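The values are calculated or read from the model by the stated rules, or taken from the named source; none is laboratory data. Bear in mind that the values here come from a model prediction, so they are computed numbers and not experimental data. Backbone-built Cβ (ideal geometry, glycine too); neighbour counts: all protein chains shown.
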Amino acid sequence: MAESGQYKISEKEMEQLRANSKKAKKAEPAQKEKKGAGKIILRVLGWIIAVAYFALLIFGKRFISEEGEFLSSLDLFSGNENPNHLIRIASLCILTLSASAVLRFLIGRMAASKNITKRTGKAIIELLGNLVKYVAYIVLIFLILNALGVNTTELLAGLGILGLIIGLGVTSLIEDIVAGIFIIAERIFDVGDIIVLDGYRGTVVSIGIRSTKIADIGGDILTVRNSSIGSVVNLTDRVSCAALTIPLAPHESLDRVEEVIKNANIAAIEEKYPDIMEGAPMYLGLCDITKKGVQMLLFIAACNEEKRYDVERALYHEIKTIFDNNNIQLGSPGIEE
């Protein structure tokens, strides 16, 4: 959702809207279950294959000839100079992907630890996990080519020249990668932070090598190239302020209204709403008078950024109730002054 303030809907209300949607009830859970079940099946199959592979390497010598084609091709350190290419390639794939999966699992545990992410940042850990995955794929490709008899040294030299030629034509990609590295290194924002980027307010979902994804409160995701990210306001590292202006009718006496506010003890509102932090709500006084004579009164309260809209709406409710109980009439600023 943009910061324009056209509508302000809390996370709880969005969940209620989604729950009331028939399409969300019927389609989304079924799709999520299918995707989740598919991922689980693939992971289980992968671990079964990996366990069987390592079991054959460790215990296979007891019931399979060590000098046979199968076991000598499967064992990368057997010294067999003429292995079965299919078995050797399968062995390379299982070993490389297993090592990558273990490293990514450990990195995932690190990302889930708040003690670690406080010091290093979740974005750095997630980027490290992606780097391990891509490096594993590249290493695997070269290992397979080497197993097939391809001279990888000459291939690397050729790729270096080709990469230089391609690099001259993809400067935008290089700019995105460099910008992503600086965003993470300088900790401009991290995964989970609430930021405002060009008027778009949302939570950082991921910081990739090339792009950053930001989700608003409605779940819509904005994907931005790292090199195009300019001025950013990070709302997470500080206490936010829920501020609202109440229009007072021109004929109302400001002295009487302020006396009502004083006697109403708006400080007690803090006890009703735990989202209000660092002191009670405050009335700061008259902040503007429109051309129609409407008096604008300013109220503020400290809160976490993710709860700002909830606190603003709570304050609107409480102050409107106080004014109604004391027969104080609100004004109408109007669309055009």
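The table that follows gives values for the structure above.
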item: Of all residues making up segment 27-68, the number that are surrounded by 11 or more Cβ atoms within 10 Å (Cβ to Cβ), at pLDDT below 80 and assigned to a helix (DSSP H, G or I); result: 3
item: Criterion (more than 31 Å from the chain's Cα centre (by Cα) and closer than 29 Å to Ile195 by Cβ) met by exactly one of Ile269, Ile276; result: Ile269
item: Selection from segment 193-226 of residues that are within 30 Å of His317 (Cα to Cα) and not in a strand (DSSP E or B); result: Asp193, Gly199, Asp216, Ile217, Gly218, Gly219, Asp220
item: Any hit, segment 219-233, residues being closer than 30 Å to Ala179 by Cα, surrounded by 18 or more Cβ atoms within 10 Å (Cβ to Cβ) and not aliphatic (A, V, I, L, M); result: yes
item: Listing of helices (runs of 4 or more DSSP H) fully contained in segment 78-184 that carry 3 or more residues being under 27 Å from the mean Cα position of the chain (by Cα) and either among the charged types (D, E, K, R) or at pLDDT 75 or above (or both); result: 85-112, 114-120, 122-147
item: Some residue of segment 254-262 being free of Cβ contacts under 8 Å to residues at least 40 places away in the same chain and either among the aromatic types (Phe, Trp, Tyr) or outside the structural domain of Tyr309 (by TED's automatic domain parsing) (or both); result: no
item: Enumerated strands (runs of 3 or more DSSP E) restricted to segment 227-313, each holding at least 3 residues that are at pLDDT 85 or above; result: 240-248, 282-289, 295-303
item: Matching entry among Lys272, Lys307, Lys320, Lys292 (being touching a helix residue (DSSP H, G or I) at 6+ places or on another chain (Cβ under 8 Å) and basic (Lys, Arg)); result: Lys272
